[in-house]
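Student: I am attaching a structure below and will ask some questions about it afterwards.
Only the coordinates and a few stated rules stand behind these numbers; no lab work does. These numbers were taken from a predicted model, which means no experiment stands behind them. Heads up, the Cβs are rebuilt from the backbone with ideal geometry, glycines too, and the neighbour counts pull from every protein chain shown.
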Amino acid sequence: MRGGRAYLGLAVVMLALLGAFLHPLAFLASFLPFDSRGFLTSLNGIKSLIFDGLAWAAVGFLLLMALQVWRGRVQSGRPVTRRYQVRMPIPQTKVVVAVTAYNDAAATAATVRAFKAQRNVAEVLVVDNNSTDGTAELAIDAGARVIPEARQGYGYACMRGLSEACRIPGVDVVVLVEGDGTFVGADLPKFLAYISQADMVVGTRIVRNLVEPGSQMDYFFTWGNIAVAYLLRLRFWDSQFLGVASLTDVGCTYRAIKRDALERILPDLCVGGNHFSLHMMLVALHHRLTLLEIPITFRKRVGRSKGASQSLRKGFGVGMAMIWHILTFQPTSRGLALSPKAREHEVEPEAAEERTLQEVAAGLAATKR
Ligand SMILES: Nc1nc2c(ncn2[C@@H]2O[C@H](COP(=O)(O)OP(=O)(O)O)[C@@H](O)[C@H]2O)c(=O)[nH]1
Ligand SMILES: [Mg+2]
């Protein structure tokens with residue numbers, strides 16, 4: 001089954017959490033004013049069943065690891081059939097930067113200037129997603145070409161930016177970034193240094209020294225991104241590197257992709273909502289593109305968030321939409337596009353996140369009952 005490993009990983013985590021919650025429950029139940037011995041006995045039975053199951057799974061896992069280590073050692077003695085080729089950075093890369101913008105006037109203009117100042121940048125496009133605060137005018141003044149996108153949504157803005165950038169003659173690399181002051185233009189050379197060695201280079205904000213204090217990467221978003229990234233790695237598994245791509249951050253917009261790789265995945269991009277960044281990785285991995293993750297600087301946001309960072313509830317909803325997407329994304333006969341049902345789920349991005357939240361709430365209520 002596709003995504004089976006991700007389902008299994010999630011099931012183990014849920015089981016461990018359930019087992020953990022039974023302990024305080026049993027502790028509290030022991031204070032009940034009536035005879036709860038029968039209840040406590042069955043609770044203890046379930047506890048030890050879960051513990052035994054997890055313990056045996058851990059033993060099996062350790063044995064499997066030992067087997068892999070042994071196999072690796074045996075194989076390392078064999079003659080080399082394929083040499084790793086070191087590819088040097090391409091000096092004459094023509095880069096187009098696509099900036100998403102929705103009522104982020106000052107920050108977007110500053111982003112345009114910062115990227116225009118970088119070597120290799122031929123053009124900066126700003127995708128204006130129905131801004132009413134003069135974002136478009138300031139972006140033009142800063143030297144950008146502004147493209148209006150009427151369909152409201154972070155994913156729609158990203159898809160528009162990527163497809164417009166792809167059309168520019170001679171473009172080698174397309175860079176996607178947010179115009180909210182969180183990402184820095186000076187990081188661009190890092191992406192270009194690695195793009196010769198991968199189809200797509202994505203930034204990670206899970207780096208202690210590079211994240212500005214007070215940024216959106218608080219405990220919730222840091223741990224949440226790591227957890228969802230590991231679920232994605234489970235879906236696209238490699239036993240040695242724990243995933244075909246060593247991803248730690250699924251919500252980072254800042255990324256660079258080669259034009260030919262982008263042309264391959266563009267027809268399959270279809271998520272208009274806030275979980276687009278993960279969606280693009282998922283589609284790229286399905287197409288067997290190579291992904292590299294690099295540490296980037298992440299600064300405090302200028303202005304108010306309109307995305308996952310608006311509130312914990314919103315962030316939780318986006319996280320759930322990402323998990324759901326990893327579990328349910330299925331290639332169809334057409335190729336890699338979403339199944340009609342999943343596509344229906346994605347058309348109204350805000351509604352999809354709200355629906356996922358409601359489904360989770362309903363599930364929680366059902367387990368309480
Ligand atoms: N959330 C959201 N962002 C949009 C939309 N249209 C464009 N964007 C841009 O997409 C980027 C991500 O949104 P942002 O508010 O920074 O979300 P955050 O990173 O979770 O705080 C920003 O550059 C926005 O200006 C939209 O409809 N919703
Ligand atoms: Mg942002």
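Student: Set the Förster radius R0 to 45 Å, insert the Cβ-Cβ distance between residue 31 and residue 300 as r into 1/(1 + (r/R0)^6), and round the FRET efficiency to 0.05.
Tutor: Details: r = 46 Å, r/R0 = 1.03.
Result of the calculation: an efficiency of 0.45.
Student: How big is the convex hull of the Cα atoms of segment 1-83, per residue, in Å³? Please report the intermediate quantities before stating the final value.
Tutor: Working: hull volume 10.5 nm³, N = 83.
Spread over its residues, the Cα hull of segment 1-83 gives 127 Å³ apiece.
Student: Would you calculate the separation in nanometres between label points at residue 132 and residue 87, each defined as 7 Å from the Cα along the Cα-to-beta-carbon direction?
Tutor: My value for the distance between the label points is 4.6 nm.
Student: Please list, ordered by chain and number, the residues whose modelled amide H lies under 5 Å from the amide H of residue 147; skip anything fewer than 5 residues away on the same chain.
Tutor: 126, 127, 128
Student: Taking amide hydrogens as modeled 1.01 Å from N in the peptide plane, which residues meet the under 5 Å criterion relative to residue 298, leaving out close sequence neighbours?
Tutor: Excluding prolines and chain starts, which carry no amide H, the hits are 211, 212.
Student: What length, rounded to one decimal in nm, is gained on full extension from residue 152 through to residue 240, with 0.36 nm per residue of separation minus their alpha-carbon distance?
Tutor: Numbers: separation 88, 0.36 × 88 = 31.68 nm, distance 4.11 nm.
Full extension from residue 152 to residue 240 adds 27.6 nm.
Student: Taking the square root of 5 times each eigenvalue of the Cα gyration tensor, what semi-axes in Å does the equivalent ellipsoid of segment 129-252 have, largest first? Show your work: numbers first, answer last.
Tutor: Values: eigenvalues 161, 74, 47 Å².
Output for segment 129-252: semi-axes of 28, 19, 15 Å.
Student: Using only helices, what value at 222 nm comes out for the chain when you add -39,500 (n - 2.57) per DSSP H run of length 4 or more and divide by the total residues, to the nearest 500 deg cm²/dmol? Don't skip to the end; give the middle numbers.
Tutor: Values: 12 runs with 186 residues, N = 369.
Counting only the DSSP helices, I get -16500 deg cm²/dmol.
Student: Write down, largest first, the equivalent ellipsoid semi-axes of segment 59-173 in whole Å, where each equals the square root of 5 times an eigenvalue of the alpha-carbon gyration tensor. Don't jump to the answer; show the numbers that get you there.
Tutor: Details: eigenvalues 408, 88, 30 Å².
They are 45, 21, 12 Å, listed from largest to smallest.
Student: Let me ask you something else. For the chain, find the longest principal axis of its Cα atoms and tell me its angle to the long axis of helix 312-328, 0 to 90°, nearest 10.
Tutor: 80 degrees
Student: While we're here: Can you give the Rg to Rh ratio for segment 95-335, taking only C-alpha atoms and Rh from Kirkwood? Don't jump to the answer; show the numbers that get you there.
Tutor: Working: Rg = 16.5 Å, Rh = 17.7 Å.
Dividing the radius of gyration by the Kirkwood radius yields 0.93.
Student: Using alpha carbons only, how many degrees (0 to 90, rounded to 10) separate the axis of helix 4-29 from the longest principal axis of the chain?
Tutor: 50 degrees
Student: Mind checking the full-extension length gain between residue 51 and residue 18? Use 0.36 nm per residue of separation minus the Cα-Cα distance, one decimal, nm.
Tutor: On the way: separation 33, 0.36 × 33 = 11.88 nm, distance 1.05 nm.
Answer, rounded to one decimal: 10.8 nm.
Student: List the pairs from 94/258; 258/300; 94/116; 116/306; 94/190 whose alpha-carbon separation is above 20 Å, in the order I gave them. Intermediate values should be presented prior to the final figure.
Tutor: Working: 94/258 10 Å; 258/300 29 Å; 94/116 12 Å; 116/306 25 Å; 94/190 15 Å.
Violating the 20 Å Cα-Cα cut-off are 258/300; 116/306.
Student: Now for a separate question. Looking only at the chain, where both bridge partners belong to it, what percent of the DSSP beta bridges are antiparallel (to the nearest 5)?
Tutor: Numbers: 8 of 31 bridges.
If we restrict to bridges inside the chain, about 25 percent are antiparallel.
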